[in-house]
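The values are calculated or read from the model by the stated rules, or taken from the named source; none is laboratory data. Because the structure is predicted, anything quoted here is derived from the model rather than measured. With ideal geometry, Cβ positions are generated from the backbone for all residues, glycine too; neighbour counts draw on all protein chains shown.
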Amino acid sequence: MSQAQLTEPTIWLKREVPGVKRTTVPTLTAVETEPSTECPNCHALITNTALNLNQYVCPECDHHLTMTARQRLEWFLSSIDSELGQEFTTGNPLYFVDSKPYPERMKEAQNKTGESEGLVVMTGKLKNLDIIACAFDFRFMGGSMGSVVGDRFVQAAEIALTENKPLVCFAASGGARMQEGLLSLMQMARTSAAIERLRLAGVPYVVILTNPVYGGVTASLAMLGDVHIAEPKAMIGFAGKRVIEQTVREVLGEPFQRAEFLLEKGTVDMVVHRHELINTTHRILAKLTKAAV
Ligand SMILES: [Zn+2]
């Protein structure tokens, strides 16, 4: 046997098979395989499932992320009976045009959010209590208060009054809606009058201030509650911080207009972590309505 014949099998075994390449499959983490959201505060990537389970609070830094109006009410209410105010639709009273016409801007907001307007109202139960709850959707033109937002809020307050049910409002707004001019500003008076009727009848109205609440909404329905609860670090004010700084020519520190700062100054009654919000609100409403806890 020749030397060549002896070494041949060894060479064949060592020979690389053409066309087959070794590839390493990287192990993907949950955030790479599932739809995820980046925390705007600490930039941690959190899967939407984890975020939902943690009530939209960042598990890394405890930042309270924005919830949509619908997410908010579906989370807050133990059961939902009906949605109110869907019959109100927005018109174009002033034929207002900024960079685009108002109806076009409305259409965009509706497509983006899936909502017909910036306030969602539902009736349902908060544990054992029958309540009416409404929530602003900040994604809908900055949660601005136009005529329909006013209509829906006033209707919610009137039903709360007739049926003697507490009213809860989750506020998140940039203020009045400039596209409706004076008609938008009138909603401040309308909503304030509706709240006054609740007050006279002894029907509880609780406001939960979420990040951010500004302008005409702060100057009306968001500051007229029997109890004002704020979420941690929510920005609450009338004019924005920068505008005030430019007016008073003074640099205002970090806590300015934060919920914790306003608690210190007595503008809000309590700052409550989202994980405790349902229990706290229920306890307050049960006390105010003298219901069994
Ligand atoms: Zn975070």
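With respect to residue 242, is the statement that it is within 25 Å of residue 148 (Cβ to Cβ), assigned to a helix (DSSP H, G or I) and either among the charged types (D, E, K, R) or over 22 Å from the mean Cα position of the chain (by Cα) (or both) true? Break it down into steps so the answer makes sense when it comes.
Numbers: within 25 Å of residue 148 (Cβ to Cβ): no; assigned to a helix (DSSP H, G or I): yes; either among the charged types (D, E, K, R) or over 22 Å from the mean Cα position of the chain (by Cα) (or both): yes.
Judged against the criteria, residue 242 is not a match.
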Margin query: Anything in the stretch 243-276 that is aromatic (Phe, Trp, Tyr) and loosely packed, with under 15 Cβ neighbours inside 10 Å? List them, or say none.
Written below: 256
Notebook entry, point to check: What is the number of the single condition among (1) more than 26 Å from residue 280 (Cα to Cα); (2) away from the ligand (no atom under 16 Å from the Cβ); (3) within 20 Å of the chain's Cα centre (by Cα) that residue 76 does not meet?
Noted result: (1)
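Grab the helices (runs of 4 or more DSSP H) fully contained in the stretch 131-239, keeping just those with 2 or more residues being modelled with pLDDT of 95 or more and under 21 Å from residue 258 (Cβ atoms).
Numbers: elements: 147-163, 181-201, 215-218.
Filter on the stretch 131-239 gives 215-218.
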Note to self: I'd like the full set of residues that are under 19 Å from residue 277 (Cβ atoms) and either more than 10 Å from the ligand (Cβ to nearest atom) or loosely packed, with under 15 Cβ neighbours inside 10 Å (or both), limited to the stretch 52-63.
What the structure shows: 52, 53, 54, 55, 56, 59, 61
Check: Would you call residue 49 loosely packed, with under 14 Cβ neighbours inside 10 Å and more than 16 Å from the ligand (Cβ to nearest atom)?
Finding: yes
Notebook entry, point to check: For the stretch 42-100, which residues satisfy the criterion of being among the β-branched types (Val, Ile, Thr) and within 23 Å of residue 140 (Cα to Cα)?
Noted result: 57, 66, 68, 80, 89, 90, 97
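From the list 126, 119, 161, which one is under 19 Å from the mean Cα position of the chain (by Cα) and surrounded by fewer than 24 Cβ atoms within 10 Å (Cβ to Cβ)? I'd like the intermediate steps shown before the answer.
On the way: 119 fails: surrounded by fewer than 24 Cβ atoms within 10 Å (Cβ to Cβ); 161 fails: under 19 Å from the mean Cα position of the chain (by Cα).
Sole residue among the options that is under 19 Å from the mean Cα position of the chain (by Cα) and surrounded by fewer than 24 Cβ atoms within 10 Å (Cβ to Cβ): 126.
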Notebook entry, point to check: What are the residues in the stretch 129-149 that are surrounded by fewer than 23 Cβ atoms within 10 Å (Cβ to Cβ), out of contact with any Leu (no Cβ under 8 Å at 6 or more places or on another chain) and more than 19 Å from residue 162 (Cα to Cα), if any?
Noted result: 139, 142
Checklist line | the stretch 202-223 residues that are under 14 Å from residue 269 (Cα atoms) and without any contact (Cβ under 8 Å) to a residue 40 or more places away in the chain, paired with ones that are assigned to a helix (DSSP H, G or I) and small (Gly, Ala, Ser) (beta carbon under 7 Å, 6 or more apart) | finding: 207/222
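Evaluate the stretch 26-36: report whether one residue or more is within 12 Å of the ligand (Cβ to nearest atom), touching a helix residue (DSSP H, G or I) at 6+ places or on another chain (Cβ under 6 Å) and either modelled with pLDDT of 95 or more or not charged (D, E, K, R) (or both). First the steps, then the outcome.
Looking only at the stretch 26-36, we keep the residues that are within 12 Å of the ligand (Cβ to nearest atom), and these are none.
Looking for residues that are within 12 Å of the ligand (Cβ to nearest atom), touching a helix residue (DSSP H, G or I) at 6+ places or on another chain (Cβ under 6 Å) and either modelled with pLDDT of 95 or more or not charged (D, E, K, R) (or both), one finds none in the stretch 26-36, hence no.
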